[in-house]
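Here the structure comes first, spelled out in structure tokens, and everything after it is commentary.
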Amino acid sequence: MSPKQNSAVGEQAAAKSKKTTKAAKRTSEKPADVKSPSSERTSGRSGSSKPAAKAPGAKRPKSAKPESHLAMVRRARRINRELADVYPYAHPELDFRNPFELLVATVLSAQTTDLRVNQTTPALFAKYPTPEDMAAAVPEELEEVIRPTGFFRAKTRSLIGLSTALRDRYDGEVPGTLKDLVTLPGVGRKTANVVLGNAFGVPGLTVDTHFGRLVRRWKWTDQEDPEKVEAEIAAIFPKSEWTMLSHRIIFHGRRVCHSRKPACGACPIAPLCPSYGEGETDPEKAKKLLKYELGGYPGQRLSPPPDYPGKPAPPLGTPAGAE
Ligand code: SF4
């Protein structure tokens with residue numbers, strides 16, 4: 001188990017003693033018939049027992065003054081605490097056992113789902129467990145193994161290229177700095193931050209499509225460029241929060257605040273969201289939009305951390321309904 005997973009388990013255990021009080025408070029704060037994991041389990045984070053703020057956008061009279069930067073920062077930190085209560089088990093949704101596996105899985109995750117990557121990597125790492133093995137791969141054979149993830153020719157070039165660089169320049173080890181990671185073929189800033197945050201414990205923000213969409217909906221930034229988004233969000237939160245904040249936001253984006261139909265009526269942070277109403281507000285209809293463990297479905301990882309409350313994902317090729 002990774003140190004991060006350990007820490008999530010620890011948080012959950014610590015939370016049990018505060019469960020009754022906090023759950024009671026939160027129930028009365030929720031906008032609708034929301035049954036989030038925090039109604040049954042809570043983390044012990046400080047500050048989250050305060051009553052939820054009034055929605056800064058939708059529920060405000062039109063004449064209200066624009067939100068100050070300080071108020072936005074406070075609201076952003078409040079959202080982070082609320083999300084920590086809702087997703088105490090937030091984690092990277094790629095299966096990996098070491099930095100090399102996480103690096104490879106992250107490269108493969110471009111233009112596909114983490115689920116599809118997780119269903120593909122067991123066979124990949126069985127055949128090519130080390131950078132040396134992958135550097136020596138016959139490209140056509142590697143392509144066949146990773147074909148389910150799409151763009152398999154370009155991804156094969158990246159994997160062989162980065163494995164060769166690891167073998168020749170880093171003694172077969174994944175380097176633990178942004179500066180070195182981004183020199184590897186197929187590795188950009190986002191991939192490097194995922195690897196640093198989750199395999200090396202170096203705080204990093206992962207600005208993927210979910211992260212960008214949600215922070216703009218929350219009016220934390222209006223930037224579109226991922227690097228500018230990263231810089232603006234980094235200024236709102238202490239470094240120590242960056243990695244877990246990224247997981248919480250991405251969890252929320254995948255489960256509740258979807259791109260096309262956000263489930264606003266089942267959203268535990270609706271009172272803090274200026275974009276409340278952009279999606280379905282009817283609580284019953286919104287509940288049906290929830291995904292993964294919140295909707296009662298399997299997650300994305302075949303080997304989720306022990307504290308994950310949902311079902312593991314099925315292996316590749318499992319017929320629908322057989323999982
Ligand atoms: S689901 Fe709706 S209320 Fe919740 S964060 Fe997204 S836009 Fe805001």
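Counting other beta carbons within 10 Å of each Cβ, put Asp307, Asp225 in order, fewest first.
Values: Asp307 18, Asp225 10.
With the fewest neighbours first, Asp307, Asp225 line up as Asp225, Asp307.
Find how much the distance from Arg157 to Lys239 grows on full extension, using 0.36 nm per residue of separation minus their present alpha carbon separation; answer in nm with one decimal.
Separation in residues times 0.36 nm, less the Cα-Cα distance, equals 26.1 nm.
Any chance you could check the Cα centroid distance between the range 235-307 and the range 143-185 for me, in angstrom?
31 Å
Tell me the volume per residue, in Å³, of the convex hull enclosing the alpha carbons of the range 168-323.
Values: hull volume 24.3 nm³, N = 156.
Hull volume over Cα atoms, normalised by residue count, gives 156 Å³.
Pairs of Cα atoms under 8 Å, at least six residues apart: use those to get the relative contact order of the range 99-199, whole percent. All intermediate terms of the calculation are to be shown ahead of the outcome.
Numbers: 111 pairs, mean separation 32.0, N = 101.
About 32 percent, as a whole number.
Please report, to two decimal places, log10 I(q)/I(0) for the range 99-199 at q = 0.10, 0.11, 0.13 Å⁻¹ as given by the Debye formula with identical point scatterers on the Cα atoms and no solvent.
Debye curve over Cα of the range 99-199, log10 I(q)/I(0) at q = 0.10, 0.11, 0.13 Å⁻¹: -0.22, -0.27, -0.38.
Grab the Cα-Cα distance for Leu178 and Thr318, subtract it from 0.36 nm times how many residues apart they are, and report the gain in nm with one decimal. Don't skip to the end; give the middle numbers.
Numbers: separation 140, 0.36 × 140 = 50.40 nm, distance 3.76 nm.
Length gained between Leu178 and Thr318: 46.6 nm.
How about Lys285: which aspartates and glutamates have a C-alpha closer than 18 Å to its C-alpha, ignoring those fewer than 8 places off in the same chain?
Within the straight-line cut-off, Lys285 pairs with Asp33, Glu293.
Would you pull out the residues with amide H under 5 Å of Gly150's amide H, same chain only if 5 or more places away, H placed 1.01 Å from N?
Hits under the 5 Å cutoff: none.
Can you give me the long-range amide H partners of Lys311? Hydrogens built in the peptide plane at 1.01 Å from N, cutoff under 5 Å, separation of 5 or more residues or another chain.
Excluding prolines and chain starts, which carry no amide H, the hits are Gly299.
What does the extension gain come out to for Arg216 and Lys285, with contour length at 0.36 nm per residue minus their alpha carbon separation?
Working: separation 69, 0.36 × 69 = 24.84 nm, distance 2.43 nm.
Additional length available on full extension: 22.4 nm.
Rank the residues Val138, Val145, Val207 as a footprinting-exposure proxy: fewest other Cβ atoms within 10 Å of their Cβ go first. Spell out each step's value before the answer.
Values: Val138 10, Val145 20, Val207 25.
Placing the least packed residue first, the sequence is Val138, Val145, Val207.
What order do you get for Phe125, Phe237 when you list them from fewest to most C-beta neighbours inside 10 Å?
Details: Phe125 21, Phe237 18.
Going from least to most buried by this count: Phe237, Phe125.
Taken together, the values in this text are just the output of simple stated rules run on the coordinates, not laboratory data. Keep in mind that this is a model prediction, so the values were computed, not measured. Because the Cβ atoms are built from the backbone with ideal geometry, glycine has one as well, and the counts that use them run over all protein chains shown.
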